[in-house]
Structure formats: C-alpha cells, structure tokens
1. Residues of region 136-147 being aliphatic (A, V, I, L, M) and under 17 Å from the mean Cα position of the chain (by Cα), which ones?
2. So TYR24 passes all but one of these: (1) closer than 30 Å to PHE275 by Cβ; (2) within 33 Å of the chain's Cα centre (by Cα). Which condition number does it fail?
3. Please indicate, with yes or no, whether at least one residue in region 211-230 is out of contact with any Cys (no Cβ under 9 Å at 6 or more places or on another chain), under 30 Å from GLY85 (Cβ atoms) and surrounded by fewer than 20 Cβ atoms within 10 Å (Cβ to Cβ).
4. Considering only region 61-91, state which residues are touching an Asp or Glu at 6+ places or on another chain (Cβ under 9 Å), at pLDDT 90 or above and small (Gly, Ala, Ser).
5. Name the residue, out of LEU196, LEU212, that is at pLDDT below 85 and closer than 17 Å to ARG289 by Cα.
6. Can you tell me which residue in region 231-248 is surrounded by the most Cβ atoms within 10 Å (Cβ to Cβ), limited to those that are closer than 14 Å to ARG86 by Cα and within 23 Å of the chain's Cα centre (by Cα)?
7. Which of (1) out of contact with any Ser or Thr (no Cβ under 7 Å at 6 or more places or on another chain); (2) more than 30 Å from PRO73 (Cα to Cα) does VAL210 not meet, given it meets every other one?
Amino acid sequence: MSARAWLLSDQPASRRQASLGNWYRNWLAFRANPLAMVGLAIVLLLIVVAVLAPVLPLQSPIAQALGNRLQPPSAEHWFGTDELGRDIFSRICFGARITLTIVIMVVAIVVPIGLLVGTVSGYVGGPLDIVLMRITDIFLAFPRLVLALAFVAAIRPGLESAIIAIALTSWPPYARIARAETLTLRETDYVRAARLQGASPLRILWHHIVPLCTASVVVRMTLDMAGIILTAAGLGFLGLGAQPPLPEWGAMISTGRDYLLDQWWVATIPGLAIFAVSLGFNLLGDGLRDVLDPKRA
C-alpha cells in the first residue's frame, strides 16, 4: 500500500494513522486554495529571510556611509539607501527578524492567557465568568493601538515595551473565542462522562476542552498576526517601538517620510514590506479557516 493510500484510508488501523490521515486531508484541502498557498509562501519567505539574515552576504544594516546617502535602487543597492547611506535591502532583511520576533513573542504570551481566561470563564461560569468577561470587555472597548500607546508611554519606549503592550491589548479576542467554544463543549456527552468518572475540572479543561478550542484559536492567531505587525509598525512610526539604529519597518517609514516626494524608496519599500507580510498572514489565515471549518464537507 502506498503512503498516500495509507493516509487516505477510510478504515485506519491505529490512532496514529487516523491523525496523520486527517492532517494529510487538511493539507490537500489547503493546497487546493491558490491564495492560501501564496500566503504560505510569503510567510515562509519572511521566516527564511529572518533566520538567514545574519549569514547572508548583506551589508551592515546600521553602518552609516554618508557618501552614499539617498542613492536610488541599483545593482549595488537593490532597494537604494536611506538618509544615512545605509542599505535599505539589508535593513529590510534584518527588520524581518524584528517583525518575526515581535509576532512570536506576542503570540506566545496572548494565546495561553486567552485560552486560560476563556476556558476557565466558560467552564466555571457564575460570578467568575461575569468578572472575567467584564475585564475582557474593558480591554475590547479601546482601540488596540491607542491602548498600546498608553501602555508603552506608561513603561518606556523600546522593543520589549512594545511587545508587552501589544500582548496586553491582544488577548481579549482569544478569551472570547475560547469561552464560546467552552460553553458549547462543557455539556457534551464525553465531558459529562469524564465528570462522572471523577475527572477534576483541571483535567477536563486540559485534556478535553482546550484541544478542541485549538483550531479556532490557531485561525484567529494567524489572522491576528497582521494586526500585530501593523500595531508594532505604528508604535515604531511614533518612536515608541524599536529604537534607532534598529531597522524596524515602522521606524524606517517614519524617518523616510521627509524624503517621500524626491526619494520615494526610503519610505515606500518598508511600507511595501509591511503590506506584503500582512497580506501573507491574512491569506494564510483565510486558508486555515476554510480548512479547519467544522462545517466543511
């Protein structure tokens, strides 16, 4: 039996075969979506560039060369140079590391917090549910960028502060999704059976509810990455994110806006990078949403 036939078998012989077969079917459905594949390619390109930037034959992203300032795109400088003579292509590549770091760190913080708040609120209910959801509503009442600005201003400008601020403003949607899923799952037969067998609430949450909330959270996480990137770029544009000379894309747009009419590439290239990466995450998220939709035939 071929590997494909083994994966697509409608009578799996083990749990491992069933799990791998489900993953393979999801991959086939995802691969059939051209826009989702474009999004995946953009995200993979971002990851590859971010990981390999230190070993690629790139010019220094922070070394100044005033004799080459504001040079247009050429064979020597593919994306031109900025007001201090720094190679913009190199700064874009190293800026991908900062962008990817922000996304990974924010996701690593907000997903556990959102799952914890949402599942506990939905499963326990009562006064605890009311208190947790009202706190969530308070955070949702403010625009993310405005709330992030307030947090960064209260701490201090910098990359670490930007990550913390974005994380503190990004967890409420995950909590809402996890709570909605938990409210549906807590009355299912297998949860009741586990409760009758003496399983503790913590075990029920961790082994029976959280795994089933993961699909919705992953889709939301992928779609939310574009918002995280835009918020980080907004903070950098206002001088509250990564500080000079770090090649953060939002800060690059901020410094390049003074030269937008005559030296368009200084601000336009980082803007296109933000647009492309945000589009890639949105397309990837849309594809995952279609694949993981429980109503999909």
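1. LEU145
2. For TYR24, the exception is condition (1).
3. yes
4. If the condition is that a residue be touching an Asp or Glu at 6+ places or on another chain (Cβ under 9 Å), at pLDDT 90 or above and small (Gly, Ala, Ser), then GLY80 is the only one that fits.
5. Unique residue meeting the criteria: LEU212.
6. Only one residue fits best here, namely GLU248.
7. Result: VAL210 fails condition (1) only.
The rows are residues; the columns are (1) in contact (Cβ under 8 Å) with a residue 24 or more places away in the chain; (2) β-branched (Val, Ile, Thr); (3) surrounded by 17 or more Cβ atoms within 10 Å (Cβ to Cβ).
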{"position": "GLY250", "(1), (2), (3)": "yes, no, yes"}
{"position": "ILE253", "(1), (2), (3)": "no, yes, yes"}
{"position": "GLY256", "(1), (2), (3)": "yes, no, yes"}
{"position": "VAL266", "(1), (2), (3)": "yes, yes, yes"}
{"position": "ILE269", "(1), (2), (3)": "yes, yes, yes"}
{"position": "ALA273", "(1), (2), (3)": "yes, no, yes"}
{"position": "ALA276", "(1), (2), (3)": "yes, no, no"}
{"position": "PHE281", "(1), (2), (3)": "yes, no, yes"}
{"position": "GLY285", "(1), (2), (3)": "yes, no, yes"}
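The values are calculated or read from the model by the stated rules, or taken from the named source; none is laboratory data. Remember, it's a predicted structure, so these values are computed and weren't measured experimentally. When we count neighbours, we look across all protein chains shown, and the Cβ atoms used for this are built from the backbone with ideal geometry, even at glycine.
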